[in-house]
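The values are calculated or read from the model by the stated rules, or taken from the named source; none is laboratory data. This one's a predicted model, so the numbers in the text were calculated from it and none came from an experiment. With ideal geometry, Cβ positions are generated from the backbone for all residues, glycine too; neighbour counts draw on all protein chains shown. What goes into the accessible areas is simple: the full protein's heavy atoms, side chains included, and nothing from ligands, DNA or RNA. Shrake-Rupley method; radii C 1.70, N 1.55, O 1.52, S 1.80 Å.
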Amino acid sequence: LGTGAVAVNNVGREGRNVVKIDYRDGKSLVLIVYAGISYVFQLNLYGDKGWRQVVVTDSAAFYANLLRKVAEMCRSRRPPIPYEETLEIIRILAAAQKSLYEERRIQIG
């Protein structure tokens, strides 16, 4: 979704995180991360014009493509994701953990 996250609220519990991320432009993202369940990576996108679902069923190809990006980054010395987005992802994850432990919404932007 790019940068622009302003607040994070984790209403889950340890090992069963349910995180709502609010963006400056009005977008919202709900991230559900459960530990201890079988491997699945699924993304559902909803918008004014419909919805899409992305499911990773071939984990070997998923990780092979990830390693290709890492190798390309080492060769080119350019990250595949801008530094600003990477730092925001880290801020979101840290805020999600803080929100869980403090049981409150955390402002980040």
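So the values come out like this:
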read-out: Residue within the range 74-82 that is without any contact (Cβ under 8 Å) to a residue 40 or more places away in the chain, open to solvent by 70 Å² or more (accessible area, probe 1.4 Å), under 30 Å from Arg104 (Cβ atoms) and out of contact with any strand residue (DSSP E or B) (no Cβ under 6 Å at 6 or more places or on another chain) present; value: yes
read-out: Qualifying residues in the range 83-109 (those that are of a type in the set (Lys, Arg) and out of contact with any strand residue (DSSP E or B) (no Cβ under 7 Å at 6 or more places or on another chain)) - the one surrounded by the most Cβ atoms within 10 Å (Cβ to Cβ); value: Arg91
read-out: Number of the exception - Asn17 against (1) in contact (Cβ under 8 Å) with a residue 40 or more places away in the chain; (2) open to solvent by 50 Å² or more (accessible area, probe 1.4 Å); value: (2)
read-out: Subset of the range 1-14 [under 21 Å from Thr86 (Cβ atoms) and either open to solvent by 80 Å² or more (accessible area, probe 1.4 Å) or among the aliphatic types (A, V, I, L, M) (or both)]; value: Leu1, Ala5, Val6, Ala7, Val8
read-out: Residue pairs meeting the criteria (Cβ under 8 Å; at least 6 apart or on separate chains; first touching a residue at least 24 places away in the same chain (Cβ under 8 Å), in the range 96-109; second among the acidic types (Asp, Glu)); value: Leu100/Glu14
read-out: Subset of the range 20-49 that is farther than 16 Å from Ile106 by Cα and acidic (Asp, Glu) - its residue that is surrounded by the most Cβ atoms within 10 Å (Cβ to Cβ); value: Asp25
